[in-house]
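Sharing a structure here in structure tokens format.
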Amino acid sequence: MTFSRQPVILAVFAHPDDEAFSVGGTLAHYAQRGVKVVLACATRGEAGKISDPSMTIADLGKHREDELRRATAALGIPDPVFLDYHDSGRQERTRFDDPLALLNVDPFEIELKLRELIAQVRPDIIITFDPHGGYGHIDHLQIHRATAAAFFSSGEVEGGGPRRLYFTALSVEAAEGIARLGQDLDPHLYGVSDDTVAVRLDVSAQAERKKAALIAHGSQTGPNSLMGKMSPEEREAMERRMLGSEGFSIGGTRTGLPSFPMRGLFAGLGEFEALDD
């Protein structure tokens, strides 16, 4: 496809592996159609829980940075941009005393850093976490808040600012699956009803790329992870949901919506609508 300029998607997430679980298929899909994909990762996952007991890792942040680079290569997108904050951790691993841990950072500081990135890469579309941060992780919530704010406050950048903001949409069914695996969440609070999903993208053609990206995050997807503890039946059901389609709700827009739901992320965006054909 030929356009007057290259369309750009900016995806903003908190930790290495967030991208693979929620939007890996979508990023791979649009990258193959000529879209420039910029993945911004707020941290290097320094406080993550190593889920593969066979791994001996001296520097978890460096290890997870390398995992993310392998994951982006598997998806066919460029190396990530790091915002250079620290993973806040969870439960007994929470880093209350680390000033660079996301839970301790002023959201306006994160917003300003994202505004600089938006001015630099000039995205047409921004994708980030939903208002519940997927499953409520404080880092996810911080990034949701800062990214949404940056979308709304960046309208005066050259070109008029990003044209649309999407949130990842965790279905009630997917939330129920997470809850069954021991995650403490109410599926009907954290899940998104079907009539809220603005775009349901078929990413089955990217299944192998997405699976390879997930495997690249080996320190987080080992036998002691939620995935690793699944029965064969549970894993098959999860892969069917995750590898077949990805859903998004509308977080904000500077253009009218041509329909609801829409056939793709670029619907109603002029010449770029052809990306969704």
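The values are calculated or read from the model by the stated rules, or taken from the named source; none is laboratory data. Because the structure is predicted, anything quoted here is derived from the model rather than measured. Here Cβ is always computed from backbone atoms with ideal geometry, including for glycine, and neighbour counts include all displayed protein chains.
Which residues, taken from segment 75-110, are buried (at least 21 other Cβ atoms within 10 Å of the Cβ) and not in a loop (DSSP other than H, G, I, E, B)?
LEU75, HIS86, ALA101, LEU102, ILE110
Sort through ARG115, ARG95 and tell me the only one that's at pLDDT below 95 and among the basic types (Lys, Arg).
Of ARG115, ARG95, the one residue that is at pLDDT below 95 and among the basic types (Lys, Arg) is ARG95.
Regarding segment 5-24, can at least one residue be identified that is in a helix (DSSP H, G or I) and among the basic types (Lys, Arg)?
The answer is no; no qualifying residue exists.
Shifting gears a bit: Among the listed residues ALA42, ALA28, which satisfies the condition of being hydrophobic (A, V, I, L, M, F, W, C), closer than 27 Å to ARG240 by Cα and modelled with pLDDT of 95 or more?
ALA28
Right, THR128: surrounded by fewer than 18 Cβ atoms within 10 Å (Cβ to Cβ), of a type outside the set (Lys, Arg) and touching a Ser or Thr at 6+ places or on another chain (Cβ under 7 Å) or not?
Judged against the criteria, THR128 is not a match.
Please go through segment 118-138 and pick out each residue that is out of contact with any strand residue (DSSP E or B) (no Cβ under 6 Å at 6 or more places or on another chain), assigned to a helix (DSSP H, G or I) and farther than 15 Å from PHE152 by Cβ.
GLN120, GLY133, GLY134, TYR135, GLY136, ILE138 - these are the residues of segment 118-138 that are out of contact with any strand residue (DSSP E or B) (no Cβ under 6 Å at 6 or more places or on another chain), assigned to a helix (DSSP H, G or I) and farther than 15 Å from PHE152 by Cβ.
In segment 52-73, what count of residues is obtained for those that are crowded, with 18+ Cβ neighbours inside 10 Å, at pLDDT 95 or above and of a type in the set (A, V, I, L, M, F, W, C)?
Adding up the residues that qualify gives 2.
Looking only at segment 129-153, which residues are of a type in the set (Gly, Ala, Ser) and at pLDDT below 95?
Those that are of a type in the set (Gly, Ala, Ser) and at pLDDT below 95: GLY133, GLY134, GLY136.
Continuing with this model, one more query. Say we look at segment 141-176 and pick out the residues that are among the polar types (S, T, N, Q) and not in a strand (DSSP E or B); which of these is surrounded by the most Cβ atoms within 10 Å (Cβ to Cβ)?
Per the stated criteria, the residue is THR147.
Residues checked against (1) touching a residue at least 24 places away in the same chain (Cβ under 8 Å); (2) over 19 Å from ARG145 (Cβ atoms):
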| residue | (1), (2) |
| --- | --- |
| LEU27 | yes, yes |
| GLN32 | yes, yes |
| VAL35 | yes, yes |
| LYS49 | yes, yes |
| ASP52 | yes, yes |
| ALA58 | no, yes |
| PRO78 | yes, yes |
| ASN104 | no, no |
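On to the next question. Do we find that ASP17 is out of contact with any strand residue (DSSP E or B) (no Cβ under 6 Å at 6 or more places or on another chain) and among the acidic types (Asp, Glu) in this structure?
Answer is yes for this residue.
Related question: Sort out which residues of segment 10-36 are polar (S, T, N, Q) and over 9 Å from the mean Cα position of the chain (by Cα), and write them in order of number.
THR26, GLN32
Could you tell me which numbered condition ALA174 fails, if it satisfies all but one of (1) at pLDDT 95 or above; (2) closer than 27 Å to SER245 by Cα?
For ALA174, the failing item is (1).
Please go through segment 25-50 and give me each residue that is part of a loop (DSSP other than H, G, I, E, B) and either farther than 17 Å from LYS210 by Cα or of a type in the set (Phe, Trp, Tyr) (or both), ordered by number.
Scanning segment 25-50 gives GLY34, VAL35, ALA42, THR43, ARG44, GLY45, GLU46, ALA47, GLY48, LYS49, ILE50.
Here is a further query. Which residues, counting only those in segment 54-74, are in contact with a His (Cβ under 8 Å, 6 or more places away or on another chain), hydrophobic (A, V, I, L, M, F, W, C) and either part of a helix (DSSP H, G or I) or within 22 Å of TYR135 (Cβ to Cβ) (or both)?
Residues satisfying the conditions are LEU68, ALA71.
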